[in-house]
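Report on one structure; see the data block that follows.
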Amino acid sequence: MIFEVLLPIVAVLLATLAIRFYVKIQYPSPLVWGRIIPRVCAVRSGDILDYNEKAEDEKPVGWRLRREMRRKQFKVNSEYLGEEITNTTLFLRALRFEKLKIDPRKPGLEYEPREIVVLELVDEAAELRWKQVRCQLVLLLRAKLGLNVDKEVFLTMLAQYKKLEEEIIALAGMGDNWFRGMLVERLGLMDWRVIEGGDSEPEPA
């Protein structure tokens, strides 16, 4: 009798949590560009690649040392992934704000180039967030099972994040160059050799 009463309650609670989780990932609250810039962090791909290459080369003797190295690698890569997630979420929030500024009654042929880019990037950023969720689950599961980090999956996420990062910077450059400059600085991409007002091509960080 108690089980029959509790089961619907538990089902409703689980459904509510699932809906809230979905909304949080897919539809984070919109935020203006000026509010996301101070919050983004630098995701340095060079540091990430160097760390994983060194971890790959190290072959500690003894199962205790191997387990400790594996634990440390999961911890460090989880932190790197967390930085990517933070920025991706902020990008998505800014894109959702820009999307709200587009008149939904406007015919598609009348969209300005910047508006088209915004609409494309909203979907791309949301898709990447779900991939990051899956990557988090894979990292956690492999850590619990005592397996090594799946480096290919992790580096694929990094490459997709960096692609979005470049597209966000390009989008910012279609509007206010001040925003673009601040964003490049906050993301730690000054070593792109981007010269304000110049013609230098960036080198991904």
ask   = Okay, helix-only estimate at 222 nm for the chain: each DSSP H run of n ≥ 4 adds -39500 (n - 2.57), divide by all residues, round to 500 deg cm²/dmol; what do you get?
value = -24500 deg cm²/dmol
remark   = Under Stokes-Einstein, the chain at 37 °C and 0.692 mPa s, with its Kirkwood radius over C-alpha pairs, diffuses with a coefficient in µm²/s of 169 µm²/s
request  = Sticking with the crude label model, points 7 Å out along Cα→Cβ, report the distance from R35 to L137 in nm, one decimal please.
outcome  = 3.0 nm
inquiry  = I want to verify a result. In a Gaussian network model of the chain, Cα cutoff 10 Å, which of these has the top mean-square fluctuation: K99, K162, K72?
reply    = K72
ask   = So what J values fall out for the range 69-83 if you push phi through Karplus, 6.51 cos²θ - 1.76 cosθ + 1.60 with θ = phi - 60°, rounded to Hz, Gly and Pro as x?
value = 5, 5, 4, 5, 5, 4, 4, 5, 5, 5, 5, 4, 5, x, 5
key: Eligible lysines near K99 by straight Cα distance, threshold 27 Å, same-chain separation 8 or greater   = K24, K131, K162, K163
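Laboratory data are not the source of any read-out in this text; all were calculated from the coordinates shown. Source: prediction; values computed, not measured. FYI the Cβ positions are ideal-geometry reconstructions off the backbone, even for glycines, and counts take in every protein chain you see.
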